[in-house]
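Have a look at the structure below, then the notes.
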Amino acid sequence: MQKDKRRFIRHPSDIPIEIFPQGQSEKFDGPLHDVSIAGLSFNTNVFLSTSSEITIRMPMFQPPFEITASVMWCRESNHQFDIGVAFMDADEAVEFRIVEQVCYIEHYKRKAFKTEGRKLTTEEAAREWIARFSSEFTGDPPTDDL
């Protein structure tokens, strides 16, 4: 079990996601918690039925990145719901991992400005992040030093 947990990567909380249940036009937001090669989990105040399909959108990208997933579990927790989903397409799952790295680079760029006053270009932030953290991204979650 402990080995499996290390396959999950904590998503930067300052990078938003939007969730669209299939067949509904209304979206809701939910903080993304963990990402693995096969799926992800997030927290929301909306109950989602097991096996229902959703679209997850990352609006920070233009056009926004979207991926389809199936709800694997939904657990009530402190008047909200923890949701776990599995990606439905293997190629999209690989794309999501790349997008996730871009999110970490953006988070790194924002943190460098906030904590050090350094205004990095995306390319500069990417070079620094890759040099410092890319090896952690392939297995264990990145450290809090991001």
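If I histogram all Cα-Cα distances within region 23-119 using bins 10 Å wide from 0, what percent of pairs lands in each bin?
Binned Cα distances yield the sequence 14, 43, 29, 11, 2.
What does the net charge come to around Glu95 if you take all other residues with beta carbon closer than 12 Å to its beta carbon, with K and R at +1 and D and E at -1? Write out the running numbers ahead of the final one.
Values: positive: Arg97; negative: Glu66, Asp89, Asp91, Glu92, Glu100.
Its environment carries a net charge of -4.
Less than 14 Å Cβ to Cβ from Arg75, Lys/Arg counted +1 and Asp/Glu -1: what total charge do the surrounding residues give?
Every neighbour counted, the sum reads -3.
Under the Kirkwood approximation applied to all pairs of distinct alpha-carbon atoms, what is the hydrodynamic radius of region 91-137 in Å?
11.0
Treat every Asp and Glu Cβ in region 91-137 as -1 and every Lys and Arg Cβ as +1, leave all other atoms uncharged, and give the resulting dipole magnitude about the Cα centre to the nearest 20 debye.
Dipole size: approximately 440 debye.
Just how far, in whole angstrom, is region 99-131 from region 35-78 if you go by their alpha carbon centroids?
Comparing the Cα centres of region 35-78 and region 99-131, I get a distance of 25 Å.
Laboratory data are not the source of any read-out in this text; all were calculated from the coordinates shown. Being a predicted model, the structure only gives us computed values, none of them experimental. Methodologically, a virtual Cβ is constructed for each residue, glycine included, from the backbone with ideal geometry; neighbour enumeration extends over all protein chains shown.
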